[in-house]
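The values are calculated or read from the model by the stated rules, or taken from the named source; none is laboratory data. What you see is a predicted model, and the numbers here were worked out from it, not measured in a lab. Neighbour counts are summed over all protein chains in view; Cβ atoms, including those assigned to glycine, are modelled from backbone coordinates with ideal geometry. SASA here: full protein model, heavy atoms, side chains in, ligands and nucleic acids out. Shrake-Rupley method; radii C 1.70, N 1.55, O 1.52, S 1.80 Å.
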Amino acid sequence: MKIDAVTIFPEYFAPLSLSLIGKAQESGLLEVAIHDLRSFTSDNHHSVDDTPYGGGAGMVMKPEIWGQALDPLMKPETDLIILTPAGRRFNQKMAHTLSQSEHLVFACGRYEGIDARVGQHYAAQGFRVHEVSIGDYVLGGGEVASLVMIEAITRLLPGVLGNPDSLIEESHVEEGFLEYPNYTKPAIWRDLSVPDILLSGNHGAIATWRGEQAQRRAQEQS
Ligand code: JDK
């Protein structure tokens, strides 16, 4: 998979060289390129924003600069992802779908976001364009939202996870997002013991108990 991200803050993406995502790049499973939007400006002040038509607070990112940045990245196999608080909610199903893509381009806006015609334009050109939100809260820009998506998507790529057994287990439970409580050694910590059943060696009973615990958790969440 190839990932391009366009941003006025390339430094936000430094963590992508760490951990499993960093390893995936070293092994060639994943290629990531970060592009500084300001390098596509042609005015003396390198401006990327302007006042909104119709008035109102804040600034909007200029469409021409985004066009200059995105045109050379877009290919027939590209999925263009525009982060916005008003987008479709990102979830595990979307992560799976996007993990099947050859090429993801993340457009990370700042200020009040990117001129709406940018997404319109690439959709009209026949590209797959996704306006996406990672949750109902307002971030300062699209960078952190992109990092969240990149982590959720790339861990699903074959060979990226250190322990692929955890992915297989996930694929069996993903619908209800069932998570049971986890324990490791020591068996007693600060007066708290690990449930006896987990020490029993009875794998059928353990699976049943974990299912019940997960159900209980799901109940408490809703
Ligand atoms: C991309 C800029 C900041 C955008 C105005 C008015 C009510 C806010 C700030 N899930 C999620 N949360 N936030 C983002 C995200 C924020 C972004 C950008 C993604 C680019 N910002 C921004 C818009 C407003 N808006 C109506 C909501 C304020 C993604």
Looking only at the stretch 179-204, count every residue that is in a loop (DSSP other than H, G, I, E, B) and open to solvent by 100 Å² or more (accessible area, probe 1.4 Å) and tell me the total.
7
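Confirm whether residue 90 is aromatic (Phe, Trp, Tyr), touching a strand residue (DSSP E or B) at 6+ places or on another chain (Cβ under 6 Å), modelled with pLDDT of 95 or more and crowded, with 17+ Cβ neighbours inside 10 Å. Step through it out loud before you land on a result.
Working: aromatic (Phe, Trp, Tyr): yes; touching a strand residue (DSSP E or B) at 6+ places or on another chain (Cβ under 6 Å): yes; modelled with pLDDT of 95 or more: yes; crowded, with 17+ Cβ neighbours inside 10 Å: yes.
So residue 90 fits the description; yes.
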Please list, ordered by first then second residue, the pairs with beta carbon atoms under 7 Å, 6 or more apart or interchain, first in the stretch 40-52 and in contact (Cβ under 8 Å) with a residue 40 or more places away in the chain and surrounded by 11 or more Cβ atoms within 10 Å (Cβ to Cβ), second among the acidic types (Asp, Glu) and part of a loop (DSSP other than H, G, I, E, B).
52/112
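Whether any residue in the stretch 71-78 is outside any loop (DSSP other than H, G, I, E, B) and buried (at least 18 other Cβ atoms within 10 Å of the Cβ) is what I want to check. Break it down stepwise before answering.
Pass one, the stretch 71-78, residues outside any loop (DSSP other than H, G, I, E, B): 78.
When the remaining residues are screened for being buried (at least 18 other Cβ atoms within 10 Å of the Cβ), the result is 78.
Yes.
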With outside any strand (DSSP E or B), closer than 21 Å to residue 83 by Cα and among the hydrophobic types (A, V, I, L, M, F, W, C) as the only criterion, which of 14, 33 stands out?
14
Count of residues meeting criterion [open to solvent by 10 Å² or more (accessible area, probe 1.4 Å), in a strand (DSSP E or B) and within 15 Å of the ligand (Cβ to nearest atom)] in the stretch 94-153:
4
Within the stretch 154-178, work out how many residues are open to solvent by 70 Å² or more (accessible area, probe 1.4 Å) and in contact with a helix residue (DSSP H, G or I) (Cβ under 6 Å, 6 or more places away or on another chain).
0
Note: among 214, 207, just one is open to solvent by less than 80 Å² (accessible area, probe 1.4 Å), part of a helix (DSSP H, G or I) and in contact with a Gly (Cβ under 9 Å, 6 or more places away or on another chain), namely 214
Please identify the pairs in which a residue from the stretch 120-147 that is aliphatic (A, V, I, L, M) has its Cβ atom under 6 Å from the Cβ atom of a residue that is more than 16 Å from the ligand (Cβ to nearest atom), counting only partners at least 6 apart or on another chain.
129/122; 129/123
Lone qualifier among 35, 96 - being touching a Pro at 6+ places or on another chain (Cβ under 8 Å) and either under 30 Å from residue 161 (Cα atoms) or among the polar types (S, T, N, Q) (or both)
35
Consider residue 6 against the criteria (1) in a strand (DSSP E or B); (2) open to solvent by 80 Å² or more (accessible area, probe 1.4 Å): it satisfies all of them except one. Which criterion is unmet?
(2)
